[in-house]
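Notes follow once the structure below has been shown.
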Amino acid sequence: MNHDFRNDGPRKVGHVKEVTSLANPIIKDIKALTNKKSREESGAFLAEGLKLVIDALELGWTIRTLVYAKAAKGKPLVEQVAAKTVAAGGLVLEVSEKVIASITRRDNPQMVVGIFDQRWRQLREVKPKAGDTWVALDRVRDPGNLGTIIRTADAAGAAGVILVGETTDPFSLETVRATMGSVFAVPVVKATPEEFLAWKKTAGVSVVATHLAGAVDYRTIDYKKKPVVLLMGNEQSGLPDALAKEADALARIPQAGRADSLNLAVATAVMLFEARRHLLTLSETR
């Protein structure tokens, strides 16, 4: 990637670069961010929609480039975001609808797209405190599942999400879409299984893993003794033995009907809100 999406020199607030060609090198580099390799090399990613861009800026994320369609020109919120982008040293592009449709790969695209710096937390920095609930995902593969889990973790007041092993990219276009902006609010950590297990030994947490062989009903577990890490397995193969045997509890979600398992995002939501219910009960009794 040969462009860093930043200004080539100082620009006064309100200065906008107009782009109408799909062959423009900046546009080509922005479009390349739909590829994982380009995201890793640049440390950047795309977020679609004015609301997501506003949320990200309010939460202090670094914007590199703001792209908006001509149809959005003059809208007060777009003008405000453009001014913030330039003030932060970012580039503002006004583009044709065909360009923004090409960037987002949508026939009816959002009118605003932001290119932001990725933000990762280091596992060694994670020091859970009383009342915290974290989600750890082993080799999650589906971008929709990961995005929905990040969104659900946000809604349930979880402290963050730990990605264990080779997982799908939380900063892919599909995952960011599915988070509905929660990717900007929920810390994301990545770790190898070995790093996760070493951290677990010293972090003072209780790891509750869902497992088809789980002997304990998920509703009967004490989620209040220690900070909790909900460990969820891969969509196809579940948790490997090396992780399952290190859990403090193997939980099952009782099911009726013919289905033998739940979708990963649904199962994670069930666990998150059960842990939240226990913590709310604890706070009410204090």
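The values are calculated or read from the model by the stated rules, or taken from the named source; none is laboratory data. Since this is a predicted model, take the numbers as computed values, not measurements. Ideal geometry is used to build each Cβ from the backbone, glycine not excepted, and the neighbour counts take in all protein chains shown.
For the subset of region 36-56 comprising residues that are closer than 16 Å to residue 180 by Cβ and of a type in the set (Gly, Ala, Ser), which member is surrounded by the most Cβ atoms within 10 Å (Cβ to Cβ)?
47
Has region 98-118 got any residue that is at pLDDT 95 or above and basic (Lys, Arg)?
no
Report those strands (runs of 3 or more DSSP E) wholly inside region 148-214 carrying at least 2 residues which are within 25 Å of residue 35 (Cβ to Cβ).
Per the criteria, 160-164, 188-191.
Here are 223, 218: which of them is in contact with a Lys or Arg (Cβ under 8 Å, 6 or more places away or on another chain), crowded, with 19+ Cβ neighbours inside 10 Å, farther than 30 Å from residue 116 by Cα and among the hydroxyl-bearing types (Ser, Thr, Tyr)?
Numbers: 223 fails: in contact with a Lys or Arg (Cβ under 8 Å, 6 or more places away or on another chain).
Among 223, 218, only 218 is in contact with a Lys or Arg (Cβ under 8 Å, 6 or more places away or on another chain), crowded, with 19+ Cβ neighbours inside 10 Å, farther than 30 Å from residue 116 by Cα and among the hydroxyl-bearing types (Ser, Thr, Tyr).
Go through region 159-188 and report how many residues are more than 16 Å from residue 228 (Cα to Cα), among the small types (Gly, Ala, Ser) and in contact with a Pro (Cβ under 7 Å, 6 or more places away or on another chain).
Result for region 159-188: 3.
Just give me the residues in region 231-286 being crowded, with 19+ Cβ neighbours inside 10 Å, assigned to a loop (DSSP other than H, G, I, E, B) and within 19 Å of the chain's Cα centre (by Cα), in sequence order.
233
Just one of (1) modelled with pLDDT under 95; (2) of a type outside the set (A, V, I, L, M, F, W, C); (3) surrounded by fewer than 19 Cβ atoms within 10 Å (Cβ to Cβ) trips up residue 141, so point out which.
All conditions pass for residue 141, except number (1).
So which of 59, 22, 77 is at pLDDT 95 or above, surrounded by fewer than 20 Cβ atoms within 10 Å (Cβ to Cβ) and over 21 Å from the mean Cα position of the chain (by Cα)?
77
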